Protein chains: 2
Amino acid sequence: MNLKQLSELLHLSQTTVSRALNGYPEVSAETRRRVLEAAQRHGYKANSNARKLATGRAGAIGYVLPVGRNVDLDPHFVEFLAGLGEHALMREVDLSLTPAPREREQEAYRRIAASRSVDGVYLSSMRNDEQRIALVRELGLPFIAHGRALDPAAGYGFVDIDNEGAFFDAAQLLLQLGHRRLAFVNGDTDFTFAVHRLDGVKRAMAGHGLPDAALRHHAAAMTEGNGYRLAMALFRDADPATRPTAVLSASMFTTLGIVRALDQLGLKMPRDVSVISHDDVFPFLKPDSFTVPLTTTRSSIRAAGARICERLVNIITGEEKAPLGEIWPVELVVRASTGPAPRAG
Amino acid sequence: MNLKQLSELLHLSQTTVSRALNGYPEVSAETRRRVLEAAQRHGYKANSNARKLATGRAGAIGYVLPVGRNVDLDPHFVEFLAGLGEHALMREVDLSLTPAPREREQEAYRRIAASRSVDGVYLSSMRNDEQRIALVRELGLPFIAHGRALDPAAGYGFVDIDNEGAFFDAAQLLLQLGHRRLAFVNGDTDFTFAVHRLDGVKRAMAGHGLPDAALRHHAAAMTEGNGYRLAMALFRDADPATRPTAVLSASMFTTLGIVRALDQLGLKMPRDVSVISHDDVFPFLKPDSFTVPLTTTRSSIRAAGARICERLVNIITGEEKAPLGEIWPVELVVRASTGPAPRAG
């Protein structure tokens, strides 16, 4: 009897059954009792080593970890890992990280494929000039992408959030509030998520008759320091009649820096400047962890990590047959950092 | 010819040779040319699969990743991973993460040992009631600890920072500045690092004749939200004549929350309250990313990640023979958030 059969027998989801077996606290005592009883009665026992031997699988999924002196892993990666790890536990797979600098990543994928140390890989931080998809296909490595390349017709499995729609909604809200001079402190536009977000802002502006050139757009690594520096460049010594009245920000860290700059310049949210931040849902730094709680575009990167693991394992086992492009809607959560555009002055 | 022989031939360190071969930017063009030339002439080629087959090694080190609904991975883990990954690249090993909730971690180590999927493991977040060291010894798994258990005589390899000394120095500075009413927003004291830090603060206070009970000590997960909540509890509606005049903080995220609370209460650093924060050196949030730059106890967790990998591989290969306890000194970096204690008022 496998997990699927046990779940069907109990009329419970595989997730619930696995959680009950693994001692997760959110399963009720009664459900846990039923599951454990049934598992014992029907002789269900997760035995990963035996199963791996039987299936010829490595029991691991892989990721090429970007490294190098000038590479900073985004702190949100821990949340992605937390979600991925939670699901990996249920499916009894490990995550194998193969470090590689950008210029040697092709070699890393070749080595992974040759060594059969993993059953599949996930790709992330998808780029405009993405070449990994063609490579892992050529190598015959099962894969899924977190994010997607620019070409939507490529026919591979991915999980992405609707970055275009999220930043369209955010810009749209600002435009409806009367803002016309927008700034966008974006992430690095070598990556597709940042391109999609920029597209969303431009589409909203076009809908209000504003040309692309009207946007003050800056792309940089999403650190507190860059947020501060760019906000200072936008607002210090700027003419109140021409400076931006609203700022879109790519990450909570960037926003920390923007808010610090506004504070130092004596500019108040939302009286002088409205701010909307993207929020990956990060327990260490929340939108209400600001003196003026932030309006955000919200999407849980932890949930994305769990989903990437779930689908990659399904792709490996053959449960997922046709490549599926999955794009999650993003919530716009309005808090106190947005308000009507200041009167011309 | 192996890396060691090639390095000796060139009178260069193995690190430099490996970096040159791996295309790291900080190696000069001239050195890179020499290294590549010599590698070619002497037929040096890293061939990890062949070597793994020859040595019978897995070519991977392992880590049991804590997971569970209520587990938040600390964001500094990405910096640790970045350092570990950089060294793992040079030594051509992967990092295998095995997810496990706390109550099933023993099972995870047993499974790792049985499957021989890794050549050794590192342990981290060492606890007061640490039981993993005895377990991995029993299993015959080579290991190293990041941090250490409370018993210093246990005779195993570890890399730790001098948490006791760091917080002694920090408290000592505050006492020398005339502060007598100290608060400490500590991490979770189930972990030894937090116990060591508390010991350091108490030792400094004892040196000034202050009893342990004079310290306002709070232990909590190191989030912005907890920093805010605890600082609010300490300072809101508190009598200026009895409230703390100085706060020690366990992490940059905690400190963000403390500073937000002080701002909201109209308390200025260092006029009303001095603050010292621990800083793991985190590129996304730096001590000068505060309107009043922070005095910190500073130690790079990225460097610790690299060192853990280096020593674990050396333990696996037998290059490190006697178990070595390595305790790194921590710098006290004085910036603007500390000053003389306010006059009794």
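Are there any pairs with C-beta distances below 9 angstrom linking a residue in region B:120-136 that is within 11 Å of B:Phe158 (Cβ to Cβ) and assigned to a helix (DSSP H, G or I) to a residue that is aliphatic (A, V, I, L, M) and at pLDDT 95 or above, with the two at least 6 apart or on different chains, and if so which?
B:Ile133/B:Leu123; B:Ile133/B:Met126; B:Ile133/B:Ala145
Looking only at region B:297-329, count how many residues are assigned to a loop (DSSP other than H, G, I, E, B) and over 30 Å from B:Gln172 (Cβ atoms).
Adding up the residues that qualify gives 6.
Restricting attention to region B:144-158, does a residue exist that is of a type in the set (Ser, Thr, Tyr), on the phi < 0 side of the Ramachandran plot and surrounded by 21 or more Cβ atoms within 10 Å (Cβ to Cβ)?
Keep residues of region B:144-158 that are of a type in the set (Ser, Thr, Tyr), which gives B:156.
Imposing the further condition that a residue be on the phi < 0 side of the Ramachandran plot reduces the set to B:156.
Filter once more, so that each one left must be surrounded by 21 or more Cβ atoms within 10 Å (Cβ to Cβ): none.
No, because not a single residue in region B:144-158 is of a type in the set (Ser, Thr, Tyr), on the phi < 0 side of the Ramachandran plot and surrounded by 21 or more Cβ atoms within 10 Å (Cβ to Cβ).
Go through region B:84-103 residue by residue and tally those that are more than 7 Å from chain A (Cβ to nearest Cβ) and either under 18 Å from the mean Cα position of the chain (by Cα) or among the basic types (Lys, Arg) (or both).
Looking only at region B:84-103, we keep the residues that are more than 7 Å from chain A (Cβ to nearest Cβ), and these are B:84, B:87, B:90-93, B:102.
This time we only want the ones that are either under 18 Å from the mean Cα position of the chain (by Cα) or among the basic types (Lys, Arg) (or both), so: B:84, B:87, B:91, B:102.
So the count comes out to 4.
Looking only at residues in region B:264-291 that are charged (D, E, K, R) and within 26 Å of A:Pro75 (Cα to Cα), which one is farthest from the chain's Cα centre (by Cα)? Working first, answer last.
To start, the set of residues in region B:264-291 that are charged (D, E, K, R) comprises B:268, B:271-272, B:279-280, B:286, B:288.
Next, from what is left, pick out any that are within 26 Å of A:Pro75 (Cα to Cα): B:279-280, B:286, B:288.
Values: B:Asp279: 10, B:Asp280: 6, B:Lys286: 16, B:Asp288: 20 Å.
Ranking the candidates gives B:Asp288 first.
From A:Arg302, A:Arg343, A:Arg311, which residue is out of contact with any helix residue (DSSP H, G or I) (no Cβ under 6 Å at 6 or more places or on another chain), closer than 26 Å to A:Ser249 by Cβ and of a type in the set (Lys, Arg)?
Numbers: A:Arg302 fails: out of contact with any helix residue (DSSP H, G or I) (no Cβ under 6 Å at 6 or more places or on another chain); A:Arg311 fails: closer than 26 Å to A:Ser249 by Cβ.
Being out of contact with any helix residue (DSSP H, G or I) (no Cβ under 6 Å at 6 or more places or on another chain), closer than 26 Å to A:Ser249 by Cβ and of a type in the set (Lys, Arg) holds for just one of A:Arg302, A:Arg343, A:Arg311, which is A:Arg343.
Would you say A:Tyr109 is farther than 30 Å from B:Thr15 by Cβ, within 14 Å of another protein chain (Cβ to nearest Cβ) and either assigned to a strand (DSSP E or B) or over 22 Å from the mean Cα position of the chain (by Cα) (or both)? Please lay out each step first, then the result.
Numbers: farther than 30 Å from B:Thr15 by Cβ: no; within 14 Å of another protein chain (Cβ to nearest Cβ): yes; either assigned to a strand (DSSP E or B) or over 22 Å from the mean Cα position of the chain (by Cα) (or both): yes.
Criteria not met by A:Tyr109.
Residues of region A:294-337 being among the basic types (Lys, Arg) and either over 15 Å from the mean Cα position of the chain (by Cα) or modelled with pLDDT under 95 (or both), which ones? So that I can check it myself, show each step before the final result.
First pass over region A:294-337, keeping only residues among the basic types (Lys, Arg): A:298, A:302, A:307, A:311, A:321, A:335.
Passing the criteria: A:Arg311, A:Lys321, A:Arg335.
Which is over 27 Å from the mean Cα position of the chain (by Cα) and over 16 Å from A:His278 (Cα atoms), of A:Ala238, A:Ala204?
A:Ala238
Give the number of residues within region B:233-270 that are within 22 Å of B:Phe167 (Cα to Cα) and either of a type in the set (Gly, Ala, Ser) or part of a loop (DSSP other than H, G, I, E, B) (or both).
Residues in region B:233-270 being within 22 Å of B:Phe167 (Cα to Cα) and either of a type in the set (Gly, Ala, Ser) or part of a loop (DSSP other than H, G, I, E, B) (or both): 10 in total.
If you check B:Met222, B:Met205, which single one turns out to be under 25 Å from B:Ala149 (Cα atoms) and buried (at least 24 other Cβ atoms within 10 Å of the Cβ)? Working first, answer last.
Details: B:Met205 fails: buried (at least 24 other Cβ atoms within 10 Å of the Cβ).
When all the criteria are applied, what remains is B:Met222.
Among the residues of region A:120-173, what is the count of those that are more than 16 Å from A:Ile315 (Cβ to Cβ) and among the aromatic types (Phe, Trp, Tyr)?
Within region A:120-173, residues that are more than 16 Å from A:Ile315 (Cβ to Cβ) and among the aromatic types (Phe, Trp, Tyr) number 2.
Exactly one condition in (1) in contact with a helix residue (DSSP H, G or I) (Cβ under 8 Å, 6 or more places away or on another chain); (2) surrounded by fewer than 18 Cβ atoms within 10 Å (Cβ to Cβ) is false for A:Phe235; which is it?
Here A:Phe235 meets the rest and fails (2).
Have a look at A:Leu230, A:Leu210 and point out the one that is at pLDDT 95 or above, surrounded by 17 or more Cβ atoms within 10 Å (Cβ to Cβ), out of contact with any Lys or Arg (no Cβ under 7 Å at 6 or more places or on another chain) and in the same structural domain as A:Asp272 (by TED's automatic domain parsing).
Values: A:Leu210 fails: out of contact with any Lys or Arg (no Cβ under 7 Å at 6 or more places or on another chain).
On inspection, the qualifying residue turns out to be A:Leu230.
Scan region A:148-167 for residues that are part of a strand (DSSP E or B) and over 23 Å from A:Leu248 (Cα atoms) and jot them down. Let's see the steps before the verdict.
Step one: filter region A:148-167 for residues part of a strand (DSSP E or B), giving A:158-161.
Within region A:148-167, A:Phe158, A:Val159 qualify.
Quick check, is A:Ile276 within 14 Å of chain B (Cβ to nearest Cβ) and not aromatic (Phe, Trp, Tyr)? Full working, then the answer.
Values: within 14 Å of chain B (Cβ to nearest Cβ): no; not aromatic (Phe, Trp, Tyr): yes.
Taking the combined requirement at face value, the residue does not satisfy it.
(1) within 14 Å of chain B (Cβ to nearest Cβ); (2) part of a loop (DSSP other than H, G, I, E, B): which one isn't true of A:Asn226, the others all being true?
The single condition A:Asn226 does not satisfy is (2).
Tally time: how many residues in region A:185-207 are hydrophobic (A, V, I, L, M, F, W, C) and either in a strand (DSSP E or B) or in the same structural domain as A:Gln131 (by TED's automatic domain parsing) (or both)?
Taking region A:185-207 first, the residues hydrophobic (A, V, I, L, M, F, W, C) are A:185, A:191, A:193-195, A:198, A:201, A:204-206.
From what's left, either in a strand (DSSP E or B) or in the same structural domain as A:Gln131 (by TED's automatic domain parsing) (or both): A:185, A:191.
Adding up the residues that qualify gives 2.
The values are calculated or read from the model by the stated rules, or taken from the named source; none is laboratory data. Keep in mind the model is a prediction, meaning the values are calculated, not measured. Heads up, the Cβs are rebuilt from the backbone with ideal geometry, glycines too, and the neighbour counts pull from every protein chain shown.
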